[in-house]
Structures are given as structure tokens and as C-alpha cells.
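S.K.: Sharing a structure with you now.
The values are calculated or read from the model by the stated rules, or taken from the named source; none is laboratory data. For clarity, every value in this text was computed on a predicted model and none was experimentally measured. All Cβ positions, glycine included, derive from the backbone under ideal geometry; neighbour counts span all protein chains shown.
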Amino acid sequence: MKSKFNLMFLLGIAMLSLVSFTYGQVNEITVDSCSLESPEAEQIHVDGIDFFASDELLQVTLCFDIKEFLRTKHKPEYFDAVLTVKTDEDDSVSQNIKVKARGEMRRAYCNFPPIMLKFCDRDNETEKIQGKGTLKLVTHCMPSKLYQSYVLKEYLTYRLFNQVTPYSLKTRLVKIRYVDINKPEKAFLAFGFLIENEDKMAARNKAIMIKSDKLTQKNMVSDVMARIAVFNFLIGNTDWSVPLQHNIKIMRSLEVFNDKAIPVVYDFDYAGIVNTIYAIPFEELPIKEVTERYYMGVCYADEELKPIVQEFQGLQEKLLGTINDFEYLSKADKKSVTYYIESFYQTYKNPDYLLHDLNCSCKQF
């Protein structure tokens with residue numbers, strides 16, 4: 001569970017954000033562009049689109065009953081929708097899909113919660129965007145520029161984690177045109193990002209997803225677990241737990257016989273690097289702001305932890321380069337994210353200082 005926050009304060013912020021939202025209004029949508037009949041569009045190969053083969057911004061249109069979607073977000077149900085993906089300058093492909101609200105905390109807090117996209121095999125769709133399965137879509141939450149920046153910073157954090165380990169979920173930045181089938185003239189644009197299906201991520205790493213309530217950090221492959229713990233320390237993320245499998249997915253390798261599992265961290269909106277206004281640390285932690293770094297990993301012998309620390313020392317240029325190359329952040333946001341990462345490296349120029357601080361707060365269990 002997330003930390004408790006002042007609901008009235010957040011609701012007040014939400015109302016202000018509704019007033020301030022001006023990004024991407026669209027007025028030229030027609031009813032025909034949001035038909036829920038069998039779509040006619042440029043066809044693509046039978047395996048569908050590999051959303052995560054490119055880092056380029058993807059333009060999509062999502063048509064569904066937005067009013068009912070929002071009305072039922074606390075008890076989510078699937079609604080019919082049409083997803084249209086722009087494949088190049090002149091062509092697009094469409095598919096009938098299902099959508100529903102997802103995310104426990106964000107469904108409660110967000111005006112426009114994250115969405116689960118469900119792709120179904122249909123006899124009349126031999127060529128499609130995706131085959132049977134689901135994809136998570138992270139949305140803008142609230143209609144304001146501030147919340148758009150949160151989306152971009154969280155997406156960038158996933159990209160940073162991709163630089164650290166292949167045991168990470170791929171993402172794809174999208175600009176979405178949302179169209180309500182009942183009020184197409186009220187269409188609007190917003191940034192979001194798609195998250196790789198966890199089973200496909202596992203298959204990519206020759207592994208399978210598992211669930212168990214008996215796992216702790218000690219049951220994880222030690223270098224993979226340490227790498228996640230140090231990365232979370234770097235980005236100021238304390239919103240994760242292996243025993244609770246909170247913002248942690250667990251895999252088991254199909255290649256290597258090992259009684260240890262492989263953790264994968266996700267969901268970074270509570271991290272200091274993103275610094276959302278609703279993010280508050282757990283009450284039990286000795287920090288007052290999410291921007292304060294606190295190590296949540298277990299204790300390792302120095303000979304186990306030193307190689308991981310050295311890895312992160314060597315990643316500085318690559319991480320900062322990824323931030324600098326991300327064109328969609330505002331100058332102010334790029335400066336703040338860069339400063340946050342640079343502050344880690346400035347503090348821990350001497351790797352022995354980092355080892356000391358990690359050992360001071362590491363968990364003995």
C-alpha cells in the first residue's frame with residue numbers, strides 16, 4: 001500500500017490542475033474516426049507491431065466511452081474501444097480492443113487513471129496491431145502540464161533502468177488522441193507510455209514469471225537484487241518490497257538451474273527523481289521527503305557489493321547522456337532530473353563512501 005496522504009489537499013491540487021490544463025486540445029475529430037465497427041486501415045504483418053523495437057514517439061488514437069470508463073474506474077470493467085496506430089506519415093492500422101482502468105492508487109487519485117489494453121484474437125482480424133494479450137498504458141492522471149511532466153519523467157526513469165539491466169520492462173512513449181465515442185468533438189491529446197507485457201519480458205530473458213508470498217530479498221539472485229537496490233537508491237525510490245511483491249515482479253530462469261529468483265522493479269511515480277506532489281515516504285522510514293535517498297536493500301559482503309558499486313560508477317556518463325538526449329522534457333525538468341542524478345555522483349565520488357552509506361541502512365533479514 002502507498003503511504004497515506006492528505007486527501008483534501010490532493011483534491012484541491014487536482015481541481016487546480018483541471019483548470020490549468022491546456023495541452024493538446026483537438027477539435028477536428030469526426031464520428032467516423034471513432035467507429036467501433038470492424039476497422040478499415042493499412043494492414044500490417046500477422047505478428048503485429050513490435051511497440052518496443054523503437055524509441056521514437058508513437059502517435060495513436062484511442063476511441064471509447066470515456067464517460068463510462070471514468071464513472072466505473074473504482075470498480076473497473078472492460079469497454080469496447082478502437083486503437084489506431086500511425087505506422088508512418090501517411091498510413092495507420094486499427095484494431096478493436098478492450099480497455100479498463102487499472103492501478104490501485106492511481107484509480108483512486110487520478111482524474112484519468114492508467115489503462116489496461118486488452119487485445120483479443122478475432123476470426124476477421126488475421127492481421128492486427130497485436131495478438132492476444134494485454135499491455136499497460138500509463139496516462140497523464142490529471143489534465144495539467146505538471147502531470148504531463150510526471151509522465152515524461154517516469155518514462156525516462158524506465159529508460160534509465162534499461163541502461164542498468166536487461167531484467168527490466170521496456171517502454172514506448174506515445175502521444176495519444178483520446179476520443180469519446182459520444183462526444184468526439186471533445187477529443188484531446190496527452191503523453192503516455194506503454195509498458196511491455198511482463199510475460200514477454202520474461203520470455204525475452206529466457207525466464208518465466210512466478211508468484212509467491214514466501215520470497216524475500218535473500219531468495220533473489222544476489223547481484224541482480226543488489227543492482228535493483230542501488231538503482232532505487234540512486235533514483236530515490238523506497239516504494240518497493242520483495243516480500244509483498246509491491247512494485248516488484250519475480251522471474252525464474254529457464255536457462256540456469258538456480259534456487260534463486262530474478263526480481264524486476266517497476267512503477268517509479270513515488271521516486272524522488274519524478275517527485276510527484278502526491279508522493280510521501282512510508283511513515284516507518286527515517287526520511288520526510290521522497291527526494292531524500294534511503295537504501296532499502298539487504299546487507300551484502302563488501303566483495304559482493306563492490307562490483308555493483310563500480311558498475312554504477314561506470315554508468316554515470318550513459319545515464320546523464322540518456323537524460324540529455326530526451327527531447328520531450330522541458331528545460332526546467334531536464335535540469336532538475338540531471339541535478340538529481342549528478343547529486344548522487346557528486347556525493348559518492350569515492351565509492352567507499354557509497355559502500356559505507358549502503359552498509360549503514362542495509363537490512364539484516
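S.K.: For segment 173-224: of the residues being over 22 Å from the mean Cα position of the chain (by Cα) and of a type in the set (Val, Ile, Thr), which is surrounded by the most Cβ atoms within 10 Å (Cβ to Cβ)?
M.R.: Here the residue is Val179.
S.K.: Another question about this same structure. When you go through Val151, Val179 one by one, which is the residue that is β-branched (Val, Ile, Thr) and in contact (Cβ under 8 Å) with a residue 60 or more places away in the chain?
M.R.: Val179
S.K.: Considering only segment 199-222, state which residues are hydroxyl-bearing (Ser, Thr, Tyr), at pLDDT 95 or above and either in a loop (DSSP other than H, G, I, E, B) or touching a His at 6+ places or on another chain (Cβ under 9 Å) (or both).
M.R.: First, pick out the residues of segment 199-222 that are hydroxyl-bearing (Ser, Thr, Tyr): 212, 216, 222.
This time we only want the ones that are at pLDDT 95 or above, so: 216, 222.
The one that is hydroxyl-bearing (Ser, Thr, Tyr), at pLDDT 95 or above and either in a loop (DSSP other than H, G, I, E, B) or touching a His at 6+ places or on another chain (Cβ under 9 Å) (or both): Thr216.
S.K.: Same structure, new question: Kindly check whether there is at least one residue in segment 53-68 that is of a type in the set (Lys, Arg) and at pLDDT below 95. Walk me through how you get there before you give the answer.
M.R.: Residues of segment 53-68 of a type in the set (Lys, Arg): 67.
With at pLDDT below 95 added as a condition, the list becomes none.
Checked segment 53-68: no residue is of a type in the set (Lys, Arg) and at pLDDT below 95.
S.K.: Taking Val138, is it of a type in the set (Val, Ile, Thr), over 13 Å from the mean Cα position of the chain (by Cα), surrounded by 21 or more Cβ atoms within 10 Å (Cβ to Cβ) and closer than 30 Å to Ser92 by Cβ?
M.R.: Working: of a type in the set (Val, Ile, Thr): yes; over 13 Å from the mean Cα position of the chain (by Cα): no; surrounded by 21 or more Cβ atoms within 10 Å (Cβ to Cβ): yes; closer than 30 Å to Ser92 by Cβ: yes.
Spelling it out, it is not the case that Val138 is of a type in the set (Val, Ile, Thr), over 13 Å from the mean Cα position of the chain (by Cα), surrounded by 21 or more Cβ atoms within 10 Å (Cβ to Cβ) and closer than 30 Å to Ser92 by Cβ.
S.K.: Shifting gears a bit: With the checklist (1) of a type in the set (D, E, K, R); (2) surrounded by 19 or more Cβ atoms within 10 Å (Cβ to Cβ); (3) over 22 Å from the mean Cα position of the chain (by Cα) in hand, flag the one item Glu311 doesn't pass.
M.R.: Every condition holds for Glu311 apart from (2).
S.K.: Quick test for you: out of Asn205, Asn247, pick the one residue that is free of Cβ contacts under 8 Å to residues at least 40 places away in the same chain and within 24 Å of Leu137 (Cα to Cα).
M.R.: On the way: Asn205 fails: free of Cβ contacts under 8 Å to residues at least 40 places away in the same chain.
Answer to the check: Asn247.
S.K.: If we keep just the residues of segment 88-99 that are touching a residue at least 24 places away in the same chain (Cβ under 8 Å) and surrounded by fewer than 19 Cβ atoms within 10 Å (Cβ to Cβ), which is nearest to His74 (Cα to Cα)?
M.R.: Filtering segment 88-99 for residues that are touching a residue at least 24 places away in the same chain (Cβ under 8 Å) and surrounded by fewer than 19 Cβ atoms within 10 Å (Cβ to Cβ), the one nearest to His74 (Cα to Cα) comes out as Ser92.
S.K.: Under 6 Å between Cβ atoms, which residue pairs at least 6 apart in sequence (or on different chains) link something in segment 336-347 that is modelled with pLDDT of 95 or more with a partner that is of a type outside the set (A, V, I, L, M) and assigned to a helix (DSSP H, G or I)?
M.R.: Close Cβ pairs (under 6 Å, with a partner that is of a type outside the set (A, V, I, L, M) and assigned to a helix (DSSP H, G or I)) amount to Tyr345/Gln316.
S.K.: Yes or no: Thr322 touching a Leu at 6+ places or on another chain (Cβ under 8 Å), polar (S, T, N, Q), closer than 14 Å to Leu156 by Cβ and free of Cβ contacts under 8 Å to residues at least 40 places away in the same chain?
M.R.: When the stated conditions are applied, Thr322 does not pass them.
S.K.: Can you go through Leu329, Leu320, Leu305, Leu354 and tell me which one is assigned to a loop (DSSP other than H, G, I, E, B), among the aliphatic types (A, V, I, L, M), outside the structural domain of Tyr158 (by TED's automatic domain parsing) and modelled with pLDDT of 95 or more? Explain how you work it out, then say what you get.
M.R.: Numbers: Leu320 fails: assigned to a loop (DSSP other than H, G, I, E, B); Leu305 fails: assigned to a loop (DSSP other than H, G, I, E, B); Leu354 fails: assigned to a loop (DSSP other than H, G, I, E, B).
Going through Leu329, Leu320, Leu305, Leu354 in turn, just one is assigned to a loop (DSSP other than H, G, I, E, B), among the aliphatic types (A, V, I, L, M), outside the structural domain of Tyr158 (by TED's automatic domain parsing) and modelled with pLDDT of 95 or more: Leu329.
S.K.: Residue by residue through segment 319-346, note down the ones that are surrounded by fewer than 12 Cβ atoms within 10 Å (Cβ to Cβ) and charged (D, E, K, R).
M.R.: Asp325, Glu327, Lys331
S.K.: Which of the residues belonging to segment 238-256 are assigned to a strand (DSSP E or B) and not hydrophobic (A, V, I, L, M, F, W, C)?
M.R.: Of the residues in segment 238-256, the ones assigned to a strand (DSSP E or B) are 241, 246, 248-253.
Within segment 238-256, Ser241, His246, Lys249, Arg252, Ser253 meet the criteria.
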